[in-house]
Amino acid sequence: MSEKFDVIVIGAGPAGYVAAIRAAQNGLKAACIDEWKNYDGSLSYGGTCLNAGCIPSKAMLESSELVHRAHDEFAKHGIKVDGIEVDIATMQKRKAGIVKQLTGGIEALFKANKVIALQGHGKLLGPGKVEFTPHDGAQQTLESEHVVLAAGSVPVELGIAPFDGDRIVDSWGALEFTEVPARLGVIGAGVIGLELGSVWKRLGAEVVVIEAMPDFLFMADKQIAKEAQRHFKKQGLDIRLGARLTAAQAGDDGVTVRYEDGKGEQELVVDKLIVAVGRKPYSENLIGADIDLELDDRGFVVVDEECRTAVEGVWAVGDLVRGPMLAHKASEEGVMVADLIAGKVAEMNYNTIPSIIYTAPEIAWVGKTEEEVKESGRSYKVGTFSFAANGRAKALEQAAGLVKIIAAEDDDEILGVHICGPMAGELLAEAVLAMEFSASAEDIQRTIHGHPTLSEALHEAALAVDKQAIHAINR
Ligand code: FAD
Ligand code: NAD
């Protein structure tokens, strides 16, 4: 390939494929290189998110939630179902079908937008130079005005609990189980631990989650974390806090897990162990030896606010760089960079990135937690509203959790919105938009919300900020 590109993107996850498509939409000649290989050896675009992360996990969360409802909720509706049978193979087939459709969709979008899609390994050789090694074929050097690094991340592996692809697995392995493990251990009560722990718990596994931190969901608003913890406990998720893993030994009969907590050495035997203790940026063989590209002490490519590296014409986006490891953050950085390359004005608002945990109830937030606002010294007011008083939530048989809005005392600006409850992730979109527009609590108070909808809980929480909720006693 002797032609010169305007933009070459390395990585076709949500950061990279979006950057390549937007670059092409901007009239730039774009190529996107990706090396993703599935367990069966097939190649596909979409990176972690589509193949092994966001999408397959949400498919399994939905299927397993239906199983839970069939067992626990149908009777309340007066629906009698005898002998519910779960067929994991069909569940997995459905999940794989969704993944295939969406990853195939990216290929179609590349074609439609005239992005040159290249499957194989990409390596930055220097400004404007990329080495491309196809999965089958000869290595070549490509030239491009700009290079966008979007190589993503991989799971952190613990030396004391190495992945063996069978008994001790990462999140991808845990999404591929062909049967429900009777006893499942999870290391890490973070986002993955809670989502995948929930999936297999609902499908019948006995789940024990070992978490090193003494506080549950330490990054979330404390009141919301406490509310969520109460629900998970009720569901039978056994979450052991302040528990530090010391060893995990896989054998024929399972995995022996040893950990230390406040009471001393503990031991646990499980059939499968998921290690979900975070992810790390992936830059293996991505950057040529002579390039002056800085990595920080955790391996992230160092970039400025606009995702520029110190090397002229080289940009980096997504999980490979600082900030939350989230698909939507990755994609928006991809869009910003493609627009900046095209000479447009573009920026990211890192203060309004939504966080969503897709458990039941869901946990979602944007902006600052109450603890962070307190720490900042700014005077604030808080309004909460419980889903127990929301008609739609009642009708859905999901009247659990609450909405919490934190607003500034002086000018009423919304500083943070935190939700634990049904469809919290969908409800949060209104709050993200409000904060993007620097809205006040009064703006939400005066916005008409449809009835009966879950969004009325957000409306009432905004009213409660000024002690004017209608369907609750204001304190
Ligand atoms: P990736 O998606 O990791 O993509 C990087 C791509 O680059 C890969 O295809 C990789 O093969 C390729 N690559 C790497 N190096 C090279 C190279 N040298 N040459 C060629 N190709 C290369 N986030 C959310 O926002 N919502 C969720 O619900 C959510 N759920 C998740 C569930 C799980 C189980 C996991 C593991 C993650 C989840 N995430 C979720 C996180 C999300 O998947 C990541 O934040 C997102 O995928 C990051 O996108 P990226 O494009 O930066 O990297
Ligand atoms: P995480 O950072 O969310 O959680 C890891 C947890 O493991 C933490 O609570 C940490 O204290 C704990 N931990 C670390 N070392 C430990 C040890 N030795 N023993 C016991 N506990 C230990 O990471 P994750 O759950 O692996 O997820 C990785 C990334 O993927 C996250 O950054 C997340 O943003 C992203 N993700 C997002 C979603 C979503 O948006 N819904 C879903 C899944 C993953």
Dipole magnitude of the chain, debye to nearest 20 (Cβ charges: Lys/Arg +1, Asp/Glu -1, about Cα centre): 1140 debye
Which loop-located GluC sites (Glu not before Pro) does region 237-335 contain, where loop means any DSSP state but H, G, I, E or B and the Cβ has at most 12 other Cβ atoms within 10 Å? GLU284, GLU294, GLU305, GLU312
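Quick check on the chain: helices-only [θ] at 222 nm, where DSSP H runs of length 4 and up contribute -39,500 (n - 2.57) each and the sum goes over total residues. Nearest 500, please.
Working: 13 runs with 146 residues, N = 475.
Using -39500 (n - 2.57) per qualifying helix, the result is -9500 deg cm²/dmol.
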Give the lysines reachable from LYS467 as a straight Cα distance under 18 Å; neighbours fewer than 8 places away on the same chain don't count. LYS381, LYS404
Flagged as over-length at 18 Å C-alpha distance, from LYS222/LYS374; LYS29/LYS111; LYS29/LYS114; LYS37/LYS58, the pairs are LYS37/LYS58
If you restrict to DSSP beta bridges whose two residues both lie in the chain, what percentage is antiparallel, to the nearest 5? 65 percent
Could you work out the relative contact order of the chain? I mean the mean sequence separation of Cα pairs under 8 Å and 6+ apart, divided by the number of residues, in percent. 14 percent
With all protein chains present, region 352-465 has a carbon and sulfur share of its accessible area (1.4 Å probe) in percent of 51 percent
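The values are calculated or read from the model by the stated rules, or taken from the named source; none is laboratory data. Fair warning: this is a prediction, and the values are worked out from it, not measured in the lab. Heads up, the Cβs are rebuilt from the backbone with ideal geometry, glycines too, and the neighbour counts pull from every protein chain shown. Side chains are part of the model used for accessible areas, which takes the heavy atoms of the whole protein and leaves out ligands, DNA and RNA. Shrake-Rupley method; radii C 1.70, N 1.55, O 1.52, S 1.80 Å.
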